[in-house]
Amino acid sequence: MTQTIAIVGGGTGGTVLANRLADELKPELESGDVEVVLLSDGEDHVYKPTFLYVPFGKKTVDDARRPLADLVDRRIDVRNDRVEEIDTDGKRLTLRDGRPMRYDYLVLGLGAQLVPDELDGLAEGGHHFYGPEGAERLRDELADFTEGHLVLSVIGTPHMCPAAPVEFVLMADAWFRERGLRDDVEITYTYPIQRAHAIQNIADWASAEFEERDINLETFFNADEVDPDEGVLHSMEGKELDYDLLVGIPPHHGSDLVIDAGLSEDGWVDVDKHTLEATEAEDVYAIGDVADVPTSKAGSVAHYEAGAVADRLASQVRGQTPTATYQGKTICFIEAGMDEATFVDFEYGTQPTVREPSKPVHWAKLGYNESYWLTARGLL
């Protein structure tokens, strides 16, 4: 009987995993002993880090999209369908039109969901760059912004691309300087804990950069309400910030599918941080943003997790004991302006070293953004 591996989600983790399985299980796929089905609610694959560049006119939202079918090996069954229900006891998925689909192994790559409406006034009074529509609206606002107070507030944690808010304000600082507007634009960055970033070494580096560039830093600022009429951001601590342009990193949620399936209480799949196996169900894995692991919600995490899960699944379908593990490997480029960048890499239990920003690293980041499509195809 054919063994079915179902992958739910066509983001970085799901796409890389599908292509890795196409290589590792080539004999089994060609003989029909195994099938891999990639289910995605949409025909496009989206590379979300591109959206950071849209507000500054460096990229367009179309640069972030490619047809998913063009990125996935032909031996993978790619289906544009939505999963409505997961039954882990019966190993069955319910699809959009009510059709059931059985599986032997399930991998969830559902990503994270933006929920700006969770904070009163944010949807009406704030902007963000975490999605195509938001990035385009922010681009239009920045194009006409010549003076006033720009506030970036990290409202929701955890969130995708944890370094992106730091990148945005450093890029905005350089962008306004290039246009001779920086003296007329005040920039403030807020973060909900008592430092500028969750990772201490990045927080220390960012704080020094902010001070050098005259960027205000407000820590322990937990946004509570946005008053779009008055242009005021209120915090739970009783602080108020007047703004002329608010960039709010919106709250993120996990998946209701995960909660309904009993895989966690908060929508982030409870997993073993090394094997990525769900703790509440057998033969279920989670990768990418939806997996509750103690590291960043970043594309590189999904990439490395996919490699470990591909190796484990290949062993399991062959009746072998899986031994591959994920050790928390994370790599992150961080823009330090419009023409310099740094990067960090770390694993579970380690602190990253933040290198001196440079132009070569900036160009390396832009080069990786272009070559990402080869990574998604499994060619890098």
Comparing Gly90, Gly11, Gly125, which has the greatest mean-square fluctuation in the GNM of the chain with Cα pairs linked when under 10 Å apart?
Gly90
Cα→Cβ-extended label distance, 7 Å offset, between Tyr348 and Ser315, nm
1.5
For Lys26 and Glu133, what does the FRET efficiency come to when R0 = 35 Å and r is the distance between their Cβ atoms, rounded to the nearest 0.05?
0.30
Can you give me the long-range amide H partners of Glu218? Hydrogens built in the peptide plane at 1.01 Å from N, cutoff under 5 Å, separation of 5 or more residues or another chain.
Tyr189, Thr190, Tyr191
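Excluding the sites themselves, what is the longest stretch of the chain that contains no chymotrypsin sites (Phe, Trp or Tyr not before Pro) in a DSSP loop with at most 16 other C-beta atoms within 10 Å? All intermediate terms of the calculation are to be shown ahead of the outcome.
On the way: sites that count: Phe220, Tyr348.
It runs 1-219.
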I'd like the Karplus ³J(HN,Hα) series for segment 58-71: coefficients 6.51, -1.76, 1.60, θ = phi - 60°, whole numbers in Hz, and an x wherever there's a Gly or Pro.
8, 9, 10, 5, 5, 5, 8, 10, 9, x, 4, 4, 6, 9
Pairs of lysine residues in the chain - Cα separation under 27 Å, sequence separation of 8 or more or cross-chain:
23
When the chain is treated as a Gaussian network with springs between alpha carbons less than 10 Å apart, the largest mean-square fluctuation among Arg312, Arg355, Arg75 is found at Arg355
Go from 0 up to the bin containing the longest alpha carbon distance in segment 1-98, width 10 Å each, and give me the % of pairs per bin.
15, 38, 31, 11, 4, 0
How tilted is helix 164-178 with respect to the longest principal axis of the chain? Cα atoms for both, answer in degrees (0 to 90, nearest 10).
40
Output ³J(HN,Hα) for segment 277-290: one whole-Hz value per residue in order, computed from phi by the Karplus curve 6.51 cos²θ - 1.76 cosθ + 1.60 with θ = phi - 60°, and x for Gly and Pro.
7, 5, 7, 10, 7, 8, 6, 10, 10, 9, 9, x, 4, 6
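Per the Kirkwood treatment, what hydrodynamic radius in Å, one decimal, follows for segment 246-380 from the mean inverse distance over all distinct Cα pairs? Write out the running numbers ahead of the final one.
On the way: mean 1/r = 0.0597 Å⁻¹.
In segment 246-380 this quantity evaluates to 16.8 Å.
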Percent relative contact order for segment 178-316, counting Cα pairs under 8 Å at least six residues apart, stands at 12
Just name one of Thr146, Gly126, Val169: the one whose Cα is farthest towards the positive end of the charge dipole of segment 113-211 (beta-carbon charges, Lys/Arg +1, Asp/Glu -1).
Val169
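How much net charge surrounds Thr295 when only other residues with a Cβ under 13 Å from its Cβ are counted (Lys, Arg +1; Asp, Glu -1)? List each step's numbers first, then the result.
Details: positive: Lys273, Lys297, Lys329; negative: Asp289, Asp292, Glu305, Asp345, Glu347.
Combined, the nearby Lys, Arg, Asp and Glu give -2.
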Inter-centroid distance (Cα atoms) of segment 167-233 relative to segment 99-149, Å
20
With θ set to phi - 60° and the Karplus curve 6.51 cos²θ - 1.76 cosθ + 1.60, what are the ³J(HN,Hα) couplings of segment 313-330 in order, to the nearest whole Hz, using x for Gly and Pro?
5, 4, 5, 5, 5, 8, x, 9, 7, x, 10, 5, 9, 9, 9, x, 4, 9
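Remind me, relative contact order of segment 256-329 in percent, using alpha carbon pairs under 8 angstrom and six or more residues apart?
On the way: 109 pairs, mean separation 18.7, N = 74.
Relative contact order for segment 256-329 comes out at 25 percent.
Would you mind telling me the share, in percent, of accessible area of the chain contributed by carbon and sulfur at probe 1.4 angstrom?
43
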What does the accessible area per residue of the chain come to in Å², with a 1.4 Å probe and no ligands, DNA or RNA counted?
43
Principal-axis tilt of helix 359-376 within the chain, Cα atoms, nearest 10 degrees:
30
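Assign unit charges at the C-beta atoms only (+1 for Lys and Arg, -1 for Asp and Glu), then state the dipole size of the chain relative to its Cα centre in Debye, rounded to the nearest 20. Don't skip to the end; give the middle numbers.
Details: 33 positive and 73 negative charges, 382 e Å.
Charge dipole of the chain: 1840 debye, to the nearest 20.
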Compute the acute angle (0 to 90°) between the alpha-carbon long axis of helix 200-212 and the principal axis of greatest extent of the alpha-carbon atoms of the chain; round to the nearest 10°.
30
Calculated from DSSP H runs of 4 or more alone, at -39500 (n - 2.57) each and per residue, what is the 222 nm mean residue ellipticity of the chain, nearest 500?
-8500 deg cm²/dmol
Separation in nanometres of the label points that stand 7 Å from Cα toward Cβ, at Asp242 and Arg74:
6.5
Counting other Cβ atoms within 10 Å of each Cβ, which GluC sites (Glu not before Pro) in segment 78-150 have at most 12 and sit in a DSSP loop?
Glu147
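The values are calculated or read from the model by the stated rules, or taken from the named source; none is laboratory data. Quick caveat, the model's predicted, so the values are computed rather than measured. Note: ideal-geometry Cβ built from the backbone for every residue, glycine included; neighbour counts use all protein chains shown. The protein model used for the area step is the full one, side chains on, heavy atoms only, and it has no ligands, DNA or RNA in it. Shrake-Rupley method; radii C 1.70, N 1.55, O 1.52, S 1.80 Å.
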